[in-house]
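Worksheet: the structure to be examined is printed underneath.
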Amino acid sequence: MIFDGHSDIFTDVTIKRLLGETQVIKNHHLTRLRRGGIEGGCFVIWIDPPHDKEPWKRLEQILKATKDEMAECEEAVLVHNMAEIQAAQKAEKFYILLGMEGLSGIGEDIDQIYMLYDFGVRHAMLTWNEENALATGVQGNPARGVTQLGKKAIRLIQDKKMIMDVSHLNERSFWDVMDVTAGPILASHSNAKALVPAARNLTDEQLFAIRDTKGVIGLNSFNLFVCHELAGQNVDNLVKHASYIADKIGVEHLGFGFDFFEFLSTDSMKSYSHQDTSFTVGLEDCSKVPKLLVKMKAAGFTDKELEMVSSGNWFNLIRKVLG
């Protein structure tokens, strides 16, 4: 029973539906998800390049594609809290917690957060990698943080009892969020900077800060966050990140946020990597996740700890924030 805390599948849904396909989740993703033991996850709305030039237009497209896809997909259901997750489990349906991987699509109109909430969104990041009206991502000006408007957005997100996610923020914005927020904070798909100094990975100080909010860090399988050297981009080194984070701040703060996107072919990949691949060897897609659990057990994680990392810690976070 695995909860994947970060998935870009709705981007694939949008791309394929705009080309005339239907039932994208069923036809392209469910078999692999089930083979990997993944029973649900946080699927995000992400403004994929080159559509980030007009993010509000892409947001409209993704929202429509998501609505249409979920209306026809009998095998999956959107969930908004823990009770709905449990109902989906009982009905043996794949469950999806809807999130926002950045809020560039709303521009300066933070009242659109109400619209997103009414649509079903229960999770939000302020940025992807970019600078926007609210905050600064890892590819923005390192001296720029969260704006005054962004601070209002943070308060609104938390007033609506949505999960606040700090993955993709630069360090200045991260600490600005920490100064404003109360309650559990999530870094849905980031690894340990002590092992790999990627901009998207977290320093020990950031790990401690998330721990102190009783938050969660999602282990990311993207290869350059696992190791900078091609030869080291393997499951064994991903397990080292898992062990490091668990040892540093406690296994109760570790989850999965795999960030699989091998099914996408977009310009966005150029912003990350000079390589032709995005995956960690041995974890090429979601169907291979059981291999990771075997490796983690061999590294010393107990069965109870694996259950916590696989879903229990995520469920605790959802209960605390969403009910």
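General observations
Conditions tested, residue by residue: (1) modelled with pLDDT under 95; (2) under 18 Å from residue 81 (Cα atoms); (3) not in a loop (DSSP other than H, G, I, E, B).
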| residue | (1), (2), (3) |
| --- | --- |
| 105 | no, no, yes |
| 118 | no, yes, yes |
| 149 | no, no, yes |
| 156 | no, no, yes |
| 161 | no, yes, no |
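- Meets criteria (in contact with a Leu (Cβ under 9 Å, 6 or more places away or on another chain), at pLDDT 95 or above, farther than 26 Å from residue 208 by Cα and not basic (Lys, Arg)) for residue 287: yes
- Pick from region 180-216, criterion part of a strand (DSSP E or B) and touching a His at 6+ places or on another chain (Cβ under 6 Å), ranking: surrounded by the most Cβ atoms within 10 Å (Cβ to Cβ): 216
- Any hit, region 272-283, residues being in a helix (DSSP H, G or I) and either modelled with pLDDT under 95 or crowded, with 17+ Cβ neighbours inside 10 Å (or both): no
- Looking only at residues of region 17-30 that are assigned to a helix (DSSP H, G or I) and touching a residue at least 24 places away in the same chain (Cβ under 8 Å), we find that the one that is surrounded by the fewest Cβ atoms within 10 Å (Cβ to Cβ) is 18.
- Scanning region 285-323 for residues that are part of a helix (DSSP H, G or I), among the hydrophobic types (A, V, I, L, M, F, W, C) and more than 23 Å from residue 98 (Cα to Cα) yields a count of 6.
A quick yes/no check of all residues on (1) of a type in the set (D, E, K, R); (2) in a helix (DSSP H, G or I); (3) touching a strand residue (DSSP E or B) at 6+ places or on another chain (Cβ under 7 Å):
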{"residue": "44", "(1), (2), (3)": "no, no, yes"}
{"residue": "48", "(1), (2), (3)": "yes, no, no"}
{"residue": "58", "(1), (2), (3)": "yes, yes, no"}
{"residue": "65", "(1), (2), (3)": "no, yes, no"}
{"residue": "70", "(1), (2), (3)": "no, yes, yes"}
{"residue": "77", "(1), (2), (3)": "no, no, yes"}
{"residue": "83", "(1), (2), (3)": "no, yes, no"}
{"residue": "87", "(1), (2), (3)": "no, yes, no"}
{"residue": "92", "(1), (2), (3)": "yes, no, no"}
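- Residue in region 136-144 that is hydroxyl-bearing (Ser, Thr, Tyr) and either part of a helix (DSSP H, G or I) or over 19 Å from residue 52 (Cβ atoms) (or both) present: no
- Matching option when the condition is in contact with a helix residue (DSSP H, G or I) (Cβ under 9 Å, 6 or more places away or on another chain), aromatic (Phe, Trp, Tyr) and surrounded by fewer than 19 Cβ atoms within 10 Å (Cβ to Cβ), among 95, 114: 114
- Only listed residue being among the basic types (Lys, Arg), in contact (Cβ under 8 Å) with a residue 24 or more places away in the chain and within 23 Å of residue 184 (Cα to Cα), chosen from 155, 144: 155
- Near pairs, Cβ below 9 angstrom, 6+ apart or cross-chain, from region 219-233 (farther than 18 Å from residue 8 by Cα) to any residue that is in a helix (DSSP H, G or I) and of a type in the set (Val, Ile, Thr): 226/235; 232/226; 233/226
- Pair list, Cβ under 7 Å, 6 or more apart: region 165-193 residue touching a residue at least 12 places away in the same chain (Cβ under 8 Å), other residue of a type in the set (A, V, I, L, M) and surrounded by fewer than 17 Cβ atoms within 10 Å (Cβ to Cβ): 172/143
The values are calculated or read from the model by the stated rules, or taken from the named source; none is laboratory data. Quick caveat: nothing in here was measured; it's all calculated off a predicted structure. Cβ sites come from the backbone with ideal geometry, for glycine too, and all protein chains shown count toward neighbours.
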